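One structure is given here, and the rest of the page talks about it.
The values are calculated or read from the model by the stated rules, or taken from the named source; none is laboratory data. From a predicted model like this one, the values you see are computed outputs, not experimental measurements. Note that we place each Cβ from the backbone using ideal geometry, even for glycine, and neighbour counts take in every protein chain shown. Protein only, heavy atoms only, side chains kept; ligands, DNA and RNA dropped before computing areas. Shrake-Rupley method; radii C 1.70, N 1.55, O 1.52, S 1.80 Å.
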Amino acid sequence: MTELPPPPAAPRPAAGKADVLTPKFQAAVIAGVIVAGLFFGRPVLMPLALSVLMSFALAPLVSLFKRFRLGNGPAVIISLVLAVTIVGSLGLFMGSQLAKLAAELPHYQTNLGQKIHSVVGGAAHNDTITRLNKTVENLADQITGGKQEDPEGAAPGQIKPIPVVITRTSQAPWAVASTVLGPLLEPLGLVALVLVFVSFILLQKDDLRDRFIRLAGSRDMQRTTVALDEAASRLSRYLFLQTLINTCFGLAIGVGLWLIGIPNAGLWALMAMLLRFVPYFGVPLAFLFPFTLALAVDPGWTKMVWTLLLFGGIEPIIGQGIEPILYGRSMGLSAVAVVVAAVFWTWLWGPVGLLLSTPLTMCFVVFSRHIESLKFLDVMLGNQPALKFEESLYLRMLAEDPDEAADEAESFLQANSLSGYYDEVAARALMLAQNDVNRGVLDPLRQNRIRDAIKGLIVNLAERRDDDAAAAADLPDTWRDAEPVLCVAGRGPLDEAAALLLVDMLSKYGIGARVVSSDETSANNIRELDCTGVQLTCVSYLEPGTFKNARYQVRRLRKRMPGVPVMALFWGLAGDNSRYLDGIEATECDIVTTGLKETVQHILTFARRAGAPFHSDYQAAK
């Protein structure tokens, strides 16, 4: 009987194809497609973005008209007509002022000529500048091979230059019209398209909102609605505050220029207000026009200096003092994000992108906070701290930088107590370290460094007092003059560091305490332990594990100090009720606590009772 041939082997995928379809590669491809779409789709997307921004700016006005019992359609039409009227009036005012200024410019030619001659003449009679000019000329001659001879005196075989004759050609009327009106058609078309988009967005606002929710988040409508509301609120607040700030800036500039004596102060005030909407380049452009005019109208230099001081004084006050206070956290963007956004959107859409950079980026950051796959944008561009307090402290401890850790602690302590910092920041940072120990990535040397960093942090915060430390005023003298509390580190340097936090907090309440390491309470060394004056023992564990180590630790302490109550502080069991009850039963302690404040309160209660029987939940359960 003949054997059947084996089935053909399945074709193996080509090497590298599986790697091509990794999530990171897919994300990079999607990002590239989106950026390409934004770049090539700017003829449509740019007017759409402008119209959305303008819709948010006009939405409060539309809502105001609706309160007067007007329908949505009339309110939108009136708002658009009013906006176009205001913008047109401002344009006519600026055009008339510029025409008036152009007619007066010839009168300032003399002043400009005198200043130019004075500057050039001063430079010509300056020996340093003269020597510098000669040096530059000599270097230029060496690079170009010396001065060229006059063509008329050139050698007989040298080719003479061909003269160029410029003749004027006549153009047809339609060619002249296209040359003049062509550059105006594109911005006029953009304005018309924006107005059409704005009218439709305002008229169909609720319907567009519902459709966007259906497309973007039909499975989680609540989160999508919250994201839309937050984006609309932040954007409306930003536009309102920016308009208010820029108006105040324009008024201050206008009054200042009027007092200095610069002609057409109202025109420059209006231009300063409008140009300040453009990030980074707006204020320098607004300054350039009155600065040049100050040079022209003043025979001296006084008005130029005052104009420079006016802009140089008002912009820093508004930009660095007033704006951060008014904006607060409403923008939700970091300083780096604002710069990066300006560069990115300017590269994509030019000057219009620069104008829209902050609002667009703000919307992206708001949506990224509610969409898990876009969380990285919030981390990169948002103004939220990149790390939590405990994560930042852990990094400082790894770097052995207690001074920087204390500086960050000061900011936390402005609104919180010292015990809160120890409980919510320092202890959690030590738990992060303990997790790394459990994973086998934190060696003993770095554990000792972390313990030493905690010691340095405690020393730096030695002057700090806890808010409730006055409650310890009625303690017996025996608890103040000695060290009645013995804190035992559960296993290693990290547990010892946590015990140091407890000892320092007890000292704020006037209770003496000391820390002993796990080696000093081991089976071989427990007999050598100094127990003088100890009235209470507290075993400190960041992570109790199976409670086996804690149980034998407690047994050794009870045998070494009969009659002395023993409590266990398990920092990592906060909020874990099941393990908390297991810890009481498994460790055979008098009481188990899960936080610094709770532990301090139990010790204070025992101290006030001055050695009375130590009742606890564990004894009551028995």
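A few points about this structure:
- Structure note, pairs K205/K375; K205/K388; K134/K303; K375/K455: Cα-Cα distances above 31 angstrom occur for K205/K388; K134/K303; K375/K455.
- Karplus 3J(HN,Hα) series, Hz, for the range 432-448 with 6.51 cos²θ - 1.76 cosθ + 1.60 (x for Gly, Pro): 4, 5, 5, 4, 5, 5, 4, 7, x, 10, 10, 7, x, 4, 6, 4, 5
- Ranking of R209, R551 by solvent-accessible surface, largest first: R209, R551 (1.4 Å probe, protein heavy atoms only, all chains present).
- Annotation: amide H-H contacts under 5 Å for C538 (H modelled 1.01 Å from N, sequence separation of 5 or more, or interchain): L486, C487, V488, M567.
- Nitroxide proxy distance, nm - points 7 Å out along Cα→Cβ at K205 and A28: 4.3 nm
- Vicinal HN-Hα couplings computed from phi for the range 565-570 (Karplus, 6.51 cos²θ - 1.76 cosθ + 1.60; Hz; Gly/Pro x): x, 10, 10, 10, 10, 9
- Ordering 485-494, 75-84, 259-268 by mean Cβ neighbour count within 10 Å, with the highest value first, yields 485-494, 259-268, 75-84.
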